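Undergrad: One structure follows; several queries about it will come next.
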Amino acid sequence: MNVPEMTEPEINVKPKLRVATTSLAGCFGCHMSFLDIDERLFDLLELVEFDRSPLTDIKHCGPCDIGIIEGGVCNAENVHVLREFRANCKILIAIGACAINGGLPAQRNHLPLSIVLEEVYHAQHGLVDGFIPNDPELPLPLDKVHPIHEVVQVDYFIPGCPPSGDAIWKVLTDLLAGREPELGHGLIHYD
Amino acid sequence: MNPDKQTFTLDGKTIPFCNGQTIIQAAMDAGEYIPHLCFNPEFKPHGSCKLCTVKADGRTTASCTQFAQDGMVVESNTKEINDERRVLLQMLFVEGNHFCPSCEKSGNCQLQATAYELNMMSPHFDQFFPDRPLDASHPEYFLDLNRCILCSLCVRASRDVDGKNVFALSGRGIKSHVIVNAQSGQLGDTDFAGDDKAAQVCPVGVILKKRVGFSVPIGKRSFDEQPISATPHPVVKEA
Ligand code: SF4
Ligand code: SF4
Ligand code: FES
């Protein structure tokens with residue numbers, strides 16, 4: 001019997017992992033720090049492609065392998081975005097102090113929200129005829145700012161305010177290589 | 001039994017000790033690190049934080065209150081114990097308000113450094129966000145009770161070294177808090193002074209000297225340079 005010669009099709013192109021990032025109640029400092037991985041961004045782009053992110057301007061998160069969240073939740077929209085990320089991302093990473101423990105925005109938590117709004121829109125020096133914005137387009141503020149793990153399950157955390165580019169790079173490369181991420185002395189920082 | 005030859009093992013290493021030494025004292029003298037917060041070698045142990053928990057001959061005990069015994073087998077740096085220590089740290093973090101980026105003690109803080117040592121990546125639990133006071137009434141020092149971990153070192157230092165009793169722990173359970181010995185409740189109305197021992201012992205960022213905050217740049221602070229495990233007797237730079 002003549003066995004037909006088999007030729008293996010060459011499959012060496014691994015599908016890229018899809019990564020989404022967003023900033024909730026954060027200052028974009030963590031995203032700036034992400035950009036501090038500098039030219040390693042090119043190496044990263046060999047392995048991943050971006051879904052929703054300030055880098056792509058895609059407005060909604062589709063199915064992704066990794067979601068990276070900067071900032072805690074301070075208003076209703078933050079909660080919706082966070083849930084969309086959790087529903088779509090296999091791995092969810094909290095990046096930075098605000099996502100992890102509420103951070104700077106949570107410093108308002110010991111004050112009643114009404115006092116904060118009064119102070120910002122009414123009482124402060126130089127505000128004439130100030131009023132508290134109530135346009136239905138605006139997301140309603142939550143009475144307290146919360147870290148994201150209080151709302152959804154979070155798989156990994158990169159602490160820091162912001163974490164260094166090196167810390168972010170370490171966690172991402174560990175994950176991409178299938179290792180449990182570990183920071184260690186010098187890279188783990190809460191400030 | 002030769003009293004000079006008494007030893008126990010700590011994670012397999014032989015540690016010599018003298019009569020009356022606790023496990024942690026002997027370990028520190030031998031240059032070994034056991035995580036701890038309320039223990040300070042200069043003071044009587046308080047045994048409250050339980051960070052120093054070890055297994056001595058299989059029994060869980062606080063190494064800062066447990067006397068060393070000849071032939072004892074002590075386990076400290078194990079996954080099981082470190083997992084429990086991390087949970088204790090996470091509870092301390094959520095119980096107070098620890099916003100490290102704006103804390104003058106950051107980089108020199110034993111709570112933070114111990115959390116780094118034990119790879120605490122998140123507080124895990126829900127934050128309490130308690131409403132705690134800040135006392136800036138003293139001309140040289142302020143008290144930020146948002147960060148108090150109730151270790152009682154200030155109490156012990158003021159009472160046992162300064163002979164002043166400026167600080168005390170008051171209340172029970174989750175309502176426990178540090179109070180100062182003045183009718184007004186304000187530090188400025190006590191005889192607390194900058195050269196008191198109590199001004200130097202707080203392991204976290206509660207008792208802080210005014211006008212020196214952030215004088216040491218990031219990268220040069222105690223625990224930037226080396227992890228807390230490499231400094232068994234923490235020589236903490238002033239915040
Ligand atoms: S006391 Fe320590 S852990 Fe708490 S905020 Fe300050 S540096 Fe962070
Ligand atoms: S103020 Fe500092 S030294 Fe005093 S009990 Fe609190 S944490 Fe300990
Ligand atoms: S250091 Fe031993 S209980 Fe706190």
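Undergrad: Within the range B:72-140, report the chymotrypsin sites (Phe, Trp or Tyr not before Pro) that DSSP leaves as loop and that have at most 16 other Cβ atoms within 10 Å. Please report the intermediate quantities before stating the final value.
TA: Values: sites: B:F93, B:F99, B:Y116, B:F125, B:F128; in loops: B:F99, B:F125, B:F128.
Hits after loop and neighbour filter: B:F125, B:F128.
Undergrad: For the range A:10-91, what % of the accessible area comes from carbon and sulfur atoms, probe 1.4 Å?
TA: Details: 2620 of 4490 Å².
Heavy-atom surface of the range A:10-91 belonging to carbon and sulfur, 1.4 Å probe: 58 percent.
Undergrad: Given the options A:L35, A:L176, A:L117, which has the most mean-square fluctuation in a GNM of chain A, springs set between C-alpha atoms less than 10 angstrom apart?
TA: Of the options given, A:L117 has the highest mean-square fluctuation.
Undergrad: Could you work out the mean count of beta carbons from other protein chains within 10 Å of each residue's beta carbon in B:92-98? Could you put the intermediate results ahead of the total?
TA: On the way: counts 0, 2, 2, 0, 0, 6, 3.
Per residue, the number of nearby Cβ atoms from other chains is 2 on average.
Undergrad: Counting only heavy atoms of protein chains, what accessible area per residue, in Å², does the protein assembly as shown have with a probe of 1.4 Å?
TA: On the way: 22210 Å² over 430 residues.
Accessible area per residue: 52 Å².
Undergrad: Which whole-number percent gives the relative contact order of the range B:92-213, counting Cα pairs below 8 Å spaced six or more residues apart?
TA: Numbers: 185 pairs, mean separation 37.2, N = 122.
Worked out over the range B:92-213, it gives 30 percent.
Undergrad: Evaluate the relative contact order of the range B:3-77 (contact order divided by residue number), counting alpha-carbon pairs under 8 angstrom at least 6 apart; express in whole percent.
TA: Contact order relative to length: 39 percent.
Undergrad: Still on this structure: For a test of the definition: using alpha carbon positions, the gyration tensor, and the 1.5 limit on a/c, classify the range A:69-114 as rounded, prolate or oblate. Please list the in-between numbers first.
TA: Values: a/c = 4.34, a/b = 1.70, b/c = 2.55.
In terms of gyration-tensor shape, oblate.
Undergrad: At what distance in nm do the modelled label points of A:L117 and B:D195 sit from each other, each positioned 7 Å from its Cα along Cα→Cβ?
TA: 5.5
Undergrad: If you rank A:R83, B:R156 by how much accessible surface each has, with a 1.4 Å probe, what is the order from largest down? Show your work: numbers first, answer last.
TA: Values: A:R83 140, B:R156 10 Å².
Ranked list, largest accessible area first: A:R83, B:R156.
Undergrad: On to the next question. Between B:D11 and B:D131, 0.36 nm times their residue separation minus their Cα-Cα distance comes to what? Can you show the working numbers first?
TA: Working: separation 120, 0.36 × 120 = 43.20 nm, distance 4.16 nm.
Residue separation times 0.36 nm, minus the Cα-Cα distance, leaves 39.0 nm.
Undergrad: Using only protein heavy atoms and a 1.4 Å probe, report how much of B:I179 is accessible, in Å² to the nearest 10.
TA: 70
Undergrad: Report B:H177's accessible area, 1.4 Å probe, all protein chains in place, as a number in Å² to the nearest 10.
TA: Result for B:H177: roughly 80 Å² accessible.
Undergrad: Enter the Cα centre distance for the pair the range B:40-76 and the range B:79-115, rounded to the nearest angstrom.
TA: 20
Undergrad: With no solvent and one equal point scatterer per Cα, compute the Debye intensity ratio I(q)/I(0) for the protein assembly as shown at 0.07, 0.08, 0.09, 0.11 Å⁻¹ and report its log10, rounded to two decimals.
TA: Each listed q corresponds, in turn, to -0.43, -0.55, -0.68, -0.95.
Undergrad: In Å² (nearest 100), what accessible area is buried between B and A, both sides summed, heavy protein atoms only, 1.4 Å probe? Present the calculation step by step, with values, prior to reporting the outcome.
TA: Numbers: alone 12260 and 12030 Å², together 22210 Å².
Buried: approximately 2100 Å² between A and B.
Undergrad: Per residue of chain A, what 222 nm ellipticity follows from adding -39500 (n - 2.57) for every DSSP H run with n ≥ 4, rounded to the nearest 500? Can you show the working numbers first?
TA: Details: 6 runs with 51 residues, N = 191.
Result for chain A: -7500 deg cm²/dmol, rounded to the nearest 500.
Undergrad: Still on this model: Principal axis extents for the range B:92-213, Cα atoms only, whole Å, descending order, please.
TA: Taking the Cα atoms of the range B:92-213, the three principal extents are 40, 31, 24 Å.
Undergrad: Mind ranking B:207-215, B:147-155 by how tightly packed they are, going by the mean number of other C-beta atoms within 10 angstrom, highest first? Walk me through the numbers before you get to the answer.
TA: Values: B:207-215: 15.1, B:147-155: 23.4.
Final packing ranking: B:147-155, B:207-215.
Undergrad: With the cut-off at 1.5 for a/c, could you classify the range A:150-190 from its C-alpha gyration tensor as rounded, prolate or oblate?
TA: In terms of gyration-tensor shape, oblate.
Undergrad: Just list whichever of A:K90/A:K144; B:K164/B:K220; A:K144/B:K79; A:K14/B:K220 have alpha carbons separated by over 32 Å in the model shown.
TA: Values: A:K90/A:K144 28 Å; B:K164/B:K220 34 Å; A:K144/B:K79 35 Å; A:K14/B:K220 43 Å.
Pairs exceeding 32 Å: B:K164/B:K220; A:K144/B:K79; A:K14/B:K220.
Undergrad: Would you mind calculating the relative contact order of chain B from Cα pairs under 8 angstrom and at least 6 residues apart, reporting the percent as a whole number? Present the calculation step by step, with values, prior to reporting the outcome.
TA: Numbers: 422 pairs, mean separation 46.2, N = 239.
With pairs under 8 Å counted, the relative contact order is 19 percent.
Undergrad: Under a plain spin-label model, where a point goes 7 Å from the Cα along Cα-to-Cβ, how far apart in nm are A:R179 and A:D155?
TA: Placing both labels 7 Å along Cα→Cβ, they lie 1.8 nm apart.
Undergrad: Now for a separate question. Does chain A come out rounded, prolate or oblate by the C-alpha gyration tensor, with a ≥ b ≥ c the root eigenvalues, rounded set by a/c under 1.5 and, if not, prolate when a/b is larger than b/c and oblate if not?
TA: Working: a/c = 2.89, a/b = 2.12, b/c = 1.36.
Judged from the Cα gyration tensor, chain A comes out prolate (a/c at least 1.5, a/b above b/c).
Undergrad: Pop a pseudo-label 7 angstrom from the Cα along the beta-carbon direction at both B:R211 and B:S184 and give the gap in nm to one decimal.
TA: Simple spin-label model gives 2.0 nm for this pair.
Undergrad: Using a probe of 1.4 angstrom, how much of the accessible area of chain B is carbon and sulfur, in percent? Intermediate values should be presented prior to the final figure.
TA: Working: 5640 of 11230 Å².
Accessible surface attributable to carbon and sulfur in chain B totals 50 percent.
Undergrad: Once ligands and nucleic acids are excluded and a 1.4 Å probe is used, how much of A:D57 is accessible, expressed in Å² to the nearest 10?
TA: 100
Undergrad: Calculated FRET efficiency, A:D57 and A:I91, Cβ-Cβ r, R0 25 Å, to nearest 0.05? Display every interim value, and only then the final one.
TA: Values: r = 23 Å, r/R0 = 0.91.
The pair A:D57/A:I91 has a calculated efficiency of 0.65.
Undergrad: Right, next: Determine the calculated [θ] at 222 nm for chain B from helices alone, applying -39500 (n - 2.57) to every DSSP H run no shorter than 4 residues and normalising by the residue count; nearest 500 deg cm²/dmol.
TA: On the way: 5 runs with 40 residues, N = 239.
Helices in chain B give a 222 nm mean residue ellipticity of -4500 deg cm²/dmol.
Undergrad: Can I ask one more? Compute the long axis of helix B:79-95 from its Cα atoms, compare it with the longest principal axis of the Cα atoms of chain B, and write down the angle in degrees, 0 to 90, nearest 10.
TA: With both axes taken from Cα atoms, the answer is about 10 degrees.
The values are calculated or read from the model by the stated rules, or taken from the named source; none is laboratory data. Computed from a predicted structure; not experimentally measured. A quick note on method: Cβ atoms are made from the backbone with ideal geometry, for glycine too, and the neighbour counts reach across all protein chains shown. To get the accessible areas, we keep the full protein, side chains included, count just its heavy atoms, and leave off ligands, DNA and RNA. Shrake-Rupley method; radii C 1.70, N 1.55, O 1.52, S 1.80 Å.
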